[in-house]
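Since the structure comes first, as structure tokens, the remarks are kept for the end.
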Amino acid sequence: MIRLKAVFVSACLIIISGCYYGNEEDLFPDSGCVTENVSFDTVVKKIIDTNCIVCHSAGANLGNVNLSSYDNVKVYVNNGKLLGAIRREPGFSPMPQNAAPLRSCDIDRIASWITAGSPNN
């Protein structure tokens, strides 16, 4: 019986230690962050869909912000609120609200896309 308990406890410890959740940047710091030729459709929209759209879709429209299309995102790019919010700069509402900041790579990709003129590509 004691041997069975020891096996059970060992198995539980192995399973629990395998459930570590770290962010990608901490786990793979040298994985590289490609910020050249950032596309709205393949990069920026994916970041927004993953991190923002739950609260900022046409249906939810929290804070009166809708990021569900390129044209809607472009409004917040042009007024500086998108980058200010995700960088959590003073004077902007930090986004995502009540959640961890976006990965620095994702912020850098969005910034690169904006610097390139925020093309609809």
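The values are calculated or read from the model by the stated rules, or taken from the named source; none is laboratory data. On a predicted model such as this, the values are computed, not experimentally measured, just so you know. With ideal geometry, Cβ positions are generated from the backbone for all residues, glycine too; neighbour counts draw on all protein chains shown.
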As an exercise: evaluate Ser39 against (1) surrounded by 12 or more Cβ atoms within 10 Å (Cβ to Cβ); (2) of a type in the set (Gly, Ala, Ser); (3) at pLDDT below 95 and give the number of the one condition it does not meet. (3)
Go through the residues of segment 59-73 one by one and say whether even a single one is part of a helix (DSSP H, G or I), loosely packed, with under 14 Cβ neighbours inside 10 Å and polar (S, T, N, Q). yes
So which of Ala99, Ala85 is over 16 Å from Ser39 (Cα atoms), in contact with a helix residue (DSSP H, G or I) (Cβ under 9 Å, 6 or more places away or on another chain) and part of a loop (DSSP other than H, G, I, E, B)? Ala99
Looking at (1) more than 16 Å from the chain's Cα centre (by Cα); (2) closer than 16 Å to Glu36 by Cβ; (3) surrounded by fewer than 17 Cβ atoms within 10 Å (Cβ to Cβ), which is the only condition Ser118 fails? (3)
